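Trainee: Got a structure for you, written out below as structure tokens; questions coming shortly.
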Amino acid sequence: MKLTKGKINELLTQPGCEHNHNKEGQTKNKSCTQQAQPGSAQGGCAFDGASIALVPITDAAHLVHGSIACSGNSWNSRGSLSSGPMVYKMGFTTDLSENDVIFGGEKKLYKAIAEIIKKYNPAAIFVYSTCVTALIGDDLDAVCKAATNKYETPVIPVHAPGFVGSKNLGNRLGGEALLQHVVGTKEPPYITAYDINLIGEYNVAGEMWGVLPLFKKAGIRVLAKITGDARYEEVCTAHRAKLNVMICSKALINMATAMKERYNIPYIEESFYGIGDMNRCLRNIAAFFGDEALMVRVEEIIAEETAKLDVALAPYRERLKGKRMVLYTGGVKSWSIVSAAQDLGMEVVATSTKKSTEEDKARIKQLLGEDGIMLEKGSPEELLRVIEKTKADLLVAGGRNQYTALKARIPFLDINQERHHPYAGYVGMVEMARELDEAVHSPIWRQVRKAAPWEIWQQEHESLLNLEAE
Ligand code: SF4
């Protein structure tokens with residue numbers, strides 16, 4: 001794939017994404033097409049984004065062609081879990097030195113690929129370009145092609161050097177690598193009338209394992225998971241699915257739209273968080289297939305699971321009822337977590353709208369009501385101000401916000417990709433309730449909110465002085 005300015009613009013202005021949708025001139029969201037300036041990008045770079053999208057393919061090796069720092073920057077920072085192969089967890093890098101920058105790193109890359117195949121025999125190797133190797137002009141395509149021919153193992157170039165843009169753009173560039181080199185290269189052993197792909201679900205903390213049994217029970221087969229706990233071969237066969245289900249994120253929307261054009265596979269966007277959303281997801285998939293028997297099975301599963309949930313959640317609902325939450329996360333989670341919290345009887349007093357689409361914002365407004373606060377910016381000062389104003393009982397946000405919660409002396413729960421607990425599906429709902437309960441009722445908060453011994457001494461000392469003065 002040639003990484004031209006045109007290609008980057010195309011990926012940044014996906015028509016299926018509401019951030020761009022129907023917007024022209026002044027109202028068009030500039031951040032969609034604006035590329036990050038070197039040194040000013042917040043969060044991960046494009047290389048980081050591509051590795052987030054592809055590393056969850058667990059039986060593939062992921063080789064970073066660049067300085068060792070790029071590899072260290074992203075390695076193991078996301079908790080995508082595997083039910084089998086572990087080669088995806090190995091940190092492979094060509095570790096370029098000054099000499100390689102001067103004389104080129106292609107030979108070193110070829111040797112690294114050969115060594116990985118010899119020692120680990122992965123199903124495929126994804127080779128990531130980085131700023132350094134893109135700038136010195138190493139020909140990744142040629143090296144990967146030569147290695148594929150020689151070793152008969154697919155070696156796939158991923159052109160997402162950090163300087164081309166943000167993490168989100170990198171996700172899409174990862175998707176482009178799959179579209180160009182992987183999807184459609186193999187046929188599945190068999191197909192069924194109810195084959196679907198899950199796109200944009202990375203099995204963080206093993207979340208997907210709470211949902212897959214539901215599909216199986218309903219008779220819906222997940223042909224390819226793109227890419228949580230995926231095997232390389234299943235992604236190759238994704239073109240035979242009847243429906244693409246995009247999970248909670250528009251990060252890989254380019255895959256969904258391209259597969260619609262190329263293979264005529266329609267897509268829908270769903271969320272696994274909260275009882276209502278999980279129910280809706282199952283119902284929408286069944287409605288897409290339009291099979292009466294499937295719809296009945298789905299309704300039976302929903303009835304059975306929600307009855308079980310009512311029993312399991314009862315003690316937590318009791319303890320969490322009326323607790324006030326400030327939520328700071330992105331995209332669809334900014335409303336899907338609201339409905340999950342409301343399912344538990346909690347009150348969400350503020351939520352972020354930072355990366356939300358117009359559609360997301362409308363849902364947030366409906367869920368939060370008139371008094372709910374919609375946070376456009378989430379600086380620590382702003383969060384502290386909102387926590388103070390709303391007398392919130394806890395902050396639910398990404399890992400980097402935990403210190404803000406500590407400063408405000410309120411409990412914190414990590415809701416983003418670094419979390420260690422699965423919150424998706426019906427089982428995830430119980431897990432989320434347990435975690436919220438433990439956070440809110442941890443005895444540490446009594447200690448934290450107490451005056452420190454020296455503050456007590458100071459108060460006593462001042463009272464004594466006042467008495468003496470009288
Ligand atoms: S690819 Fe570039 S921006 Fe990303 S970690 Fe490497 S040097 Fe930094």
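The values are calculated or read from the model by the stated rules, or taken from the named source; none is laboratory data. Quantities reported herein were computed from a predicted structural model and do not represent experimental measurements. Glycine also receives a Cβ, built like all others from the backbone with ideal geometry; neighbour counts cover every protein chain displayed. The protein model used for the area step is the full one, side chains on, heavy atoms only, and it has no ligands, DNA or RNA in it. Shrake-Rupley method; radii C 1.70, N 1.55, O 1.52, S 1.80 Å.
Trainee: Under a Cβ-only charge scheme (Lys and Arg +1, Asp and Glu -1), can you give me the dipole magnitude of the chain about the Cα centre, in debye to the nearest 20? Walk me through the intermediate numbers first.
Mentor: Details: 55 positive and 57 negative charges, 167 e Å.
Dipole about the Cα centre, nearest 20: 800 debye.
Trainee: I've got another one for you. Along the charge dipole of the range 407-470, which of L465, W445, Y426 sits closest to the positive end, that is, farthest toward it, with unit charges on the beta carbon of Lys, Arg, Asp and Glu (+1, +1, -1, -1)?
Mentor: It is Y426.
Trainee: Given points 7 Å out from each Cα along the Cα-Cβ axis, report the A314 to D141 separation in nanometres with one decimal.
Mentor: Distance between the two pseudo-spin positions: 6.4 nm.
Trainee: With point charges of +1 on the Cβ of Lys and Arg and -1 on the Cβ of Asp and Glu, referenced to the Cα centre of the range 342-437, which listed residue (V348, L395, A405) lies farthest in the positive direction of the dipole?
Mentor: Selected residue: A405.
Trainee: Now, a different point. Loop only by DSSP, 14 or fewer other Cβ within 10 Å of the Cβ. Give me the trypsin sites (Lys or Arg not before Pro) in the range 208-277 that pass, ordered by residue number. Could the numbers behind the result be given before it?
Mentor: Values: sites: K216, K217, R221, K225, R231, R240, K242, K250, K260, R262; in loops: R231, K242, K250.
Nothing satisfies the criteria.
Trainee: Here's a follow-up. Per DSSP H run of at least 4 residues, take -39500 (n - 2.57); add these up for the chain, divide by its residues and hand me the 222 nm value, nearest 500 deg cm²/dmol. Intermediate values should be presented prior to the final figure.
Mentor: On the way: 21 runs with 227 residues, N = 470.
So the helix-based figure for the chain works out to -14500 deg cm²/dmol.
Trainee: Kindly rank 287-296, 452-461 from highest to lowest mean number of other beta carbons found within 10 Å of each residue. Before the final figure, lay out the partial values.
Mentor: Values: 287-296: 13.9, 452-461: 9.9.
The packing order, highest mean first, is 287-296, 452-461.
Trainee: Going Cα to Cα from K361, which lysines come in below 24 Å? Please leave out same-chain ones fewer than 8 positions away.
Mentor: K23, K28, K30, K167, K250, K323, K333, K377, K389, K391
Trainee: Give the peptides 439-446, 403-410, 426-433 in descending order of average Cβ contacts within 10 Å, highest first.
Mentor: Details: 439-446: 13.1, 403-410: 16.8, 426-433: 22.4.
Ranking, from highest mean packing down: 426-433, 403-410, 439-446.
Trainee: Further question: What's the magnitude of the charge dipole for the range 149-251 around its Cα centre, counting Lys and Arg as +1 and Asp and Glu as -1 at the beta-carbon? Answer in Debye, nearest 20. If you can, show how the numbers build up before the last one.
Mentor: Details: 12 positive and 9 negative charges, 35 e Å.
In total the dipole reaches around 160 debye.
Trainee: About the Cα centre of the range 93-193, how large is the charge dipole given +1 on each Lys and Arg Cβ and -1 on each Asp and Glu Cβ? Please answer in debye to the nearest 20.
Mentor: Working: 10 positive and 11 negative charges, 51 e Å.
Approximately 240 debye in magnitude.
Trainee: Taking 0.36 nm per residue of separation and subtracting the Cα-Cα distance, what length does fully extending K7 through K89 add? Each step should come with its number before you reach the end.
Mentor: Working: separation 82, 0.36 × 82 = 29.52 nm, distance 3.02 nm.
Roughly 26.5 nm would be gained on extension.
Trainee: Here is a follow-up. For the range 259-393, what is the accessible area per residue in Å² when the probe is 1.4 Å? Can you show the working numbers first?
Mentor: Details: 6660 Å² over 135 residues.
Counting only protein heavy atoms, the per-residue value for the range 259-393 is 49 Å².
Trainee: I'd like the orientation of helix 292-320 relative to the chain: the angle between its Cα long axis and the longest Cα principal axis, in ° from 0 to 90, rounded to 10.
Mentor: The angle comes out at about 40 degrees.
Trainee: Separate question: Just order 268-277, 90-99 by mean Cβ neighbour count inside 10 Å, highest at the front, would you? Don't jump to the answer; show the numbers that get you there.
Mentor: On the way: 268-277: 21.5, 90-99: 16.6.
Taking the mean over residues of other Cβ atoms within 10 Å, the ranking is 268-277, 90-99.
Trainee: Roughly how many Å is it from the Cα centre of the range 120-168 to that of the range 338-357, as a whole number?
Mentor: 40
Trainee: Which of N284, Y263, I301 sits closest to the plus end of the dipole of the range 263-306, meaning its Cα is farthest towards the positive end, when Lys and Arg get +1 and Asp and Glu get -1 on the C-beta?
Mentor: Projecting each Cα onto the dipole axis, the largest value belongs to Y263.
Trainee: Exactly which trypsin sites (Lys or Arg not before Pro) in the range 362-406 are in a DSSP loop and have at most 15 other Cβ atoms within 10 Å?
Mentor: Answer in residue order: K377, K391.
Trainee: Now for a separate question. Take the solvent-accessible surface of the protein heavy atoms, probe 1.4 Å, and return the percent of it on the chain that carbon and sulfur atoms account for.
Mentor: Details: 11860 of 22300 Å².
The computed percentage sits at 53.
Trainee: Hey, rough spin-label estimate for K119 and E470, points 7 angstrom out along Cα→Cβ, what's it come to in nanometres?
Mentor: Simple spin-label model gives 7.8 nm for this pair.
Trainee: Obtain the nm distance between the two label points defined at K391 and K186 by a simple spin-label model: each point lies 7 Å from its Cα along the Cα-to-C-beta direction.
Mentor: Simple spin-label model gives 6.0 nm for this pair.
Trainee: Something else about it: I need the shape label for the range 336-464. Rule: rounded when a/c is under 1.5, else prolate if a/b > b/c, else oblate, with a, b, c from the alpha carbon gyration tensor.
Mentor: Details: a/c = 2.39, a/b = 1.68, b/c = 1.42.
Verdict is prolate for the range 336-464.
Trainee: Can I ask one more? May I ask what percent, to the nearest 5, of DSSP beta bridges between residues of the chain are antiparallel? Don't skip to the answer; put the middle values down first.
Mentor: Values: 2 of 43 bridges.
Bridges in the chain that DSSP calls antiparallel: roughly 5 percent.
Trainee: In nm, what is the difference between 0.36 nm times the number of residues separating E418 and V296 and their Cα-Cα distance?
Mentor: Once the chain is fully extended between E418 and V296, it gains 40.2 nm.
Trainee: Under the 0.36 nm per residue contour assumption, what length would be gained going from the current alpha-carbon distance of E438 and K107 to full extension? List each step's numbers first, then the result.
Mentor: Numbers: separation 331, 0.36 × 331 = 119.16 nm, distance 5.34 nm.
Result for the pair: 113.8 nm of gain on full extension.
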